[in-house]
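A.B. asks: One structure, as structure tokens, below. Some questions next.
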2 protein chains.
Amino acid sequence: MSVLTIERKVLEKNDDVARRNRELFAQHKLFVINLVSSPGSGKTSLLEQTLKHLNGSLRIAVVEGDVQTDFDAQRVAKFNVPVVQIVTNGGCHLEAKLVHDALANFDLKKVDLLVIENVGNLVCPANYDLGEAMKVVVVSTTEGDDKPLKYPGMFHHASVLIVNKIDLVPYVNSNPEVIKQNALRINPALKIFETSCTTTKGIPEWCEWLRSQTKVRDGSK
Amino acid sequence: MSVLTIERKVLEKNDDVARRNRELFAQHKLFVINLVSSPGSGKTSLLEQTLKHLNGSLRIAVVEGDVQTDFDAQRVAKFNVPVVQIVTNGGCHLEAKLVHDALANFDLKKVDLLVIENVGNLVCPANYDLGEAMKVVVVSTTEGDDKPLKYPGMFHHASVLIVNKIDLVPYVNSNPEVIKQNALRINPALKIFETSCTTTKGIPEWCEWLRSQTKVRDGSK
């Protein structure tokens, strides 16, 4: 595990760097997802369950983005996968250059799937391309069914929606069908999973889909 | 209820405008809080409970800030209080000028307490003074006990912490004592309340404290 502490800065030409990241990922036949959500929606728990399910059968590496602390990298490092923690020191999103710098810590030839866990923020990371194949947005059932309509930018830019903490539905005023309908109103092309990291419901389906996406790309790897 | 749609812009001299807002609030003996949290922590539900409890005994006005939609203003308007919705159109926080423009919709002489509900974002609103007396940060027990340490800026700038959704503790991996300890490590001066908007636990205490803060200021009003 490495810890990089990088001052927040406005990154010029983020899209140019993202394009270079994307070329690098293609060159190494690497499938890359950018995991985004509000703070506390369960991105890191989902990542832990994903690593538990897929580790050994896929070679996974992780970039953790946080405003402060390396707690998430510590949690991920327990699964013996390569992980780099980016600390933004107050910055509200990851930028392509931060990810580019983090990549130097990996041997990309030996990675099939790279997961970038963004800063917990349902607004700002929507506009920053990191070079990923797709954004995966996580929403917890505890957050209220209206969130896709109130924060449409993220759902517009995402390719996958994960409705997480599905086990808490009996205890909160939430209807996952409404969350999904609201998300599809913003982006009808969204691929949707329902998961619980407590009961593991939906984790196998999510992981099998992830594996299928990787297989598409790793023919000759 | 009024709806203002204002393009996001970088606001120069935010602090100057905040100072002018603060002078205006002092002139009208108005107690003003800036309610901040992640999306889905329960800011609007807390506000609904607060209005239910205090409406009639305090004259309350509300400024709602959202990236998109006027859902929150609609919820608040049911309590027959003056409310202005600011739609930031993608902007990740409220700025002092947006609040200043919204104030023109109120008769400030007839208001004791102004609640500004910020955009759901635990990062960016921390750095924008709106002229409020204090920031009140809401954290839900479903978000994970580590959030104060991972997003310290907001807890550093806040005067009050509300640990919300306390009724969900039996169903999630959360210890409110740890949330509070972590928050106090960042800011030992935090005043703390525990609330549930489902059971109304803690709502009377929070409302009585709010009323006491208002009384301090309304001697001659």
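Laboratory data are not the source of any read-out in this text; all were calculated from the coordinates shown. Not measured: the values here are computed from a predicted model. A quick note on method: Cβ atoms are made from the backbone with ideal geometry, for glycine too, and the neighbour counts reach across all protein chains shown.
A.B. asks: Give the residue from B:Val36, B:Ala61, B:Pro148 lying farthest towards the positive end of the charge dipole for chain B; charges sit on Cβ (+1 for Lys and Arg, -1 for Asp and Glu) and the dipole is referred to the Cα centre.
C.D. replies: Going by the Cα projections, it comes out as B:Ala61.
A.B. asks: Let me ask something else about it. Listed highest first by mean packing, meaning other Cβ atoms within 10 Å per residue, what order do B:91-97, A:162-168 come in?
C.D. replies: B:91-97, A:162-168
A.B. asks: Can I ask one more? Which distance in Å, rounded to a whole number, links the C-alpha centroids of the range B:27-41 and the range A:67-111?
C.D. replies: Measuring centre to centre over Cα atoms gives 34 Å.
A.B. asks: Simple spin-label model, 7 Å along Cα-to-Cβ: B:Val169 to B:Lys109 in nm?
C.D. replies: A separation of 4.7 nm, rounded to one decimal place.
A.B. asks: To the nearest 10 degrees, how steeply does helix B:14-27 sit against the main Cα axis of chain B, on a 0 to 90 scale?
C.D. replies: The angle comes out near 80 degrees.
A.B. asks: Given 10 °C and 1.306 mPa s, how large is the Stokes-Einstein diffusion coefficient of the range A:3-218 in µm²/s, with Rh as the Kirkwood radius over Cα pairs?
C.D. replies: Approximately 92 µm²/s, per Stokes-Einstein.
A.B. asks: Something else: Quick one: label points 7 angstrom along Cα→Cβ at A:Gln27, distances to the other copies in nm, smallest first?
C.D. replies: Spelled out, the distances from A:Gln27's label point are 6.2 nm.
A.B. asks: While we're looking at this one, here's another question. Could you tell me the relative contact order of the range B:1-129? Use alpha-carbon pairs under 8 Å, at least six residues apart, and round to a whole percent.
C.D. replies: This gives 42 percent for the range B:1-129.
A.B. asks: Ranking A:Tyr151, A:Tyr171 by Cβ neighbours within 10 Å, fewest first, what do you get?
C.D. replies: A:Tyr171, A:Tyr151
A.B. asks: Mark the label point 7 Å from the Cα of B:Glu208 along Cα→Cβ and return the residues of the range B:166-191 whose backbone N is within less than 19 Å of it.
C.D. replies: Flagged as within label range: B:191.
A.B. asks: Under the rule of at least 5 residues apart or a separate chain, name every residue whose amide H is placed under 5 Å from the amide H of B:Asn164.
C.D. replies: HN-HN under 5 Å from B:Asn164: B:Val139, B:Ser140, B:Thr141, B:Thr195.
A.B. asks: Calculated from DSSP H runs of 4 or more alone, at -39500 (n - 2.57) each and per residue, what is the 222 nm mean residue ellipticity of chain A, nearest 500?
C.D. replies: Rounded to the nearest 500, it is -10000 deg cm²/dmol.
A.B. asks: Still on this structure: Roughly how compact is the protein assembly as shown, stated as its Cα Rg over 2.2 N^0.38 Å to two decimals?
C.D. replies: My calculation over the Cα atoms of the protein assembly as shown gives 0.98.
A.B. asks: Using only atoms on other chains, find how many Cβ atoms lie within 10 Å of each Cβ of peptide A:136-145 and report the average.
C.D. replies: Partner Cβ neighbours, averaged per residue: 4.
A.B. asks: With a sphere of radius 12 Å drawn around the Cβ of A:Gly131, what net charge do the other residues whose Cβ falls strictly inside it have (Lys, Arg +1; Asp, Glu -1)?
C.D. replies: Taking every Cβ under 12 Å from that of A:Gly131, the sum is -1.
A.B. asks: If each label sits 7 angstrom from Cα along the C-beta direction, how far apart, in nm, is B:Pro204 from its counterparts in the other copies?
C.D. replies: Reported distances to equivalent positions: 5.1 nm.
A.B. asks: Select from A:Asn14, A:Asn173, A:Asn127 the residue whose mean-square fluctuation is largest in a Gaussian network model of chain A (Cα-Cα springs shorter than 10 Å).
C.D. replies: Most flexible of the set in this elastic network: A:Asn173.
A.B. asks: Give the long-range amide H neighbours of A:Val32: residues separated by 5 or more places, or on another chain, with amide H under 5 Å away, using H modelled in the peptide plane at 1.01 Å from N.
C.D. replies: Residues meeting the amide H criterion: A:Leu114, A:Ala133, A:Met134.
A.B. asks: Let me ask something else. Between A:Lys13 and B:Glu23, how many nm apart are label points set 7 Å from Cα along the C-beta direction?
C.D. replies: Taking the simple label geometry, A:Lys13 and B:Glu23 are separated by 4.5 nm.
A.B. asks: Shifting gears a bit: For peptide A:165-178, what's the mean number of Cβ atoms from other chains within 10 Å of each residue's Cβ?
C.D. replies: Across the residues of A:165-178, the mean count of other-chain Cβ atoms within 10 Å is 2.
A.B. asks: Distance between the C-alpha centers of the range A:144-161 and the range B:140-155? Whole Å please.
C.D. replies: Centre-to-centre (Cα) distance: 22 Å.
A.B. asks: Based on Cα coordinates alone, diagonalise the gyration tensor for the range A:109-221, multiply each eigenvalue by 5, take square roots, and list the semi-axes in whole Å, largest first.
C.D. replies: Over the Cα atoms of the range A:109-221, the ellipsoid semi-axes are 25, 18, 12 Å.
A.B. asks: A further question follows. How far is helix B:203-217 tilted, in degrees, relative to the longest principal axis of the Cα atoms in chain B, given as a value from 0 to 90 rounded to the nearest 10?
C.D. replies: Taking Cα atoms only, the helix is inclined about 40 degrees.
A.B. asks: For the cross-link pairs A:Lys147/B:Lys180; B:Lys52/B:Lys97; A:Lys97/A:Lys147; B:Lys97/B:Lys147; A:Lys135/B:Lys150, which exceed 24 Å when the distance is taken from alpha carbon to alpha carbon?
C.D. replies: A:Lys147/B:Lys180; B:Lys52/B:Lys97; A:Lys97/A:Lys147; B:Lys97/B:Lys147
A.B. asks: Considering only the label points, 7 Å along Cα→Cβ from Cα, what distances in nm to one decimal separate B:Ser57 from the same position in each other copy, shortest first?
C.D. replies: With the label placed 7 Å along Cα→Cβ, B:Ser57 yields 6.0 nm.
A.B. asks: Over chain B, what is the mean sequence separation of C-alpha contacts under 8 Å (at least six apart), divided by residue count, expressed as relative contact order in percent?
C.D. replies: Once divided by the residue count of chain B, the mean separation gives 26 percent.
A.B. asks: Can you give the angle from 0 to 90° between the axis of helix A:43-54 and the longest principal axis of chain A, with both taken from C-alpha atoms, to the nearest 10?
C.D. replies: 70
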